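Worksheet: one structure, shown below.
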């Protein structure tokens, strides 16, 4: 295969993993979600603590997230960018989440999502995930009403 075909194939596989991430979140499929992560996974998530290390720890985070949000959970993604190397890659995108919290409060916000991937035994797995929202430096509060 040529370098261009390899790159196109890798990007398609990574897009598929990102699609599976969105599908797992929408459907609350814990097993699908966890199948996307590399064993040495590290997350810098939007929720405390500062970092989560390992898939066992992060499984607990997803269990809590899936229990917290009510159906439906809807996503819109924009501005996906993927850069690949031989066995590492990263992607970044904007992600809009719309859902309802248990108290009935509607959630409609944009977040920033970056994945670091490693190709392990021919499969692109998420080795690092970073989710964030902008913060107002003066108030120290998250700014949740921004739109692209």
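The values are calculated or read from the model by the stated rules, or taken from the named source; none is laboratory data. Note that the coordinates shown come from a computational prediction; the quantities given were computed from them, not determined experimentally. Cβ coordinates were reconstructed from backbone atoms using ideal geometry, including for glycine residues, and neighbour counts include every protein chain displayed.
Overview of values
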quantity	calculated
Filter result for residue 85 (out of contact with any strand residue (DSSP E or B) (no Cβ under 6 Å at 6 or more places or on another chain), farther than 19 Å from residue 133 by Cβ and surrounded by fewer than 13 Cβ atoms within 10 Å (Cβ to Cβ))	yes
Any hit, region 137-148, residues being crowded, with 17+ Cβ neighbours inside 10 Å and either modelled with pLDDT under 95 or touching a strand residue (DSSP E or B) at 6+ places or on another chain (Cβ under 8 Å) (or both)	no
Residue among 77, 100, 114 that is modelled with pLDDT under 95 and within 17 Å of the chain's Cα centre (by Cα)	77
Residue tally, condition at pLDDT 90 or above, in contact with a strand residue (DSSP E or B) (Cβ under 7 Å, 6 or more places away or on another chain) and closer than 24 Å to residue 135 by Cα, over region 25-49	4
Every pair of residues 6+ apart whose Cβ atoms lie under 7 Å, when the first sits in region 52-63 and is without any contact (Cβ under 8 Å) to a residue 60 or more places away in the chain while the second is loosely packed, with under 13 Cβ neighbours inside 10 Å	55/39
Test for residue 61: is it assigned to a helix (DSSP H, G or I), touching a strand residue (DSSP E or B) at 6+ places or on another chain (Cβ under 8 Å) and within 22 Å of residue 92 (Cβ to Cβ)	yes
Every residue from region 87-97 that is more than 26 Å from residue 67 (Cα to Cα), under 14 Å from the mean Cα position of the chain (by Cα) and without any contact (Cβ under 8 Å) to a residue 40 or more places away in the chain	90, 92
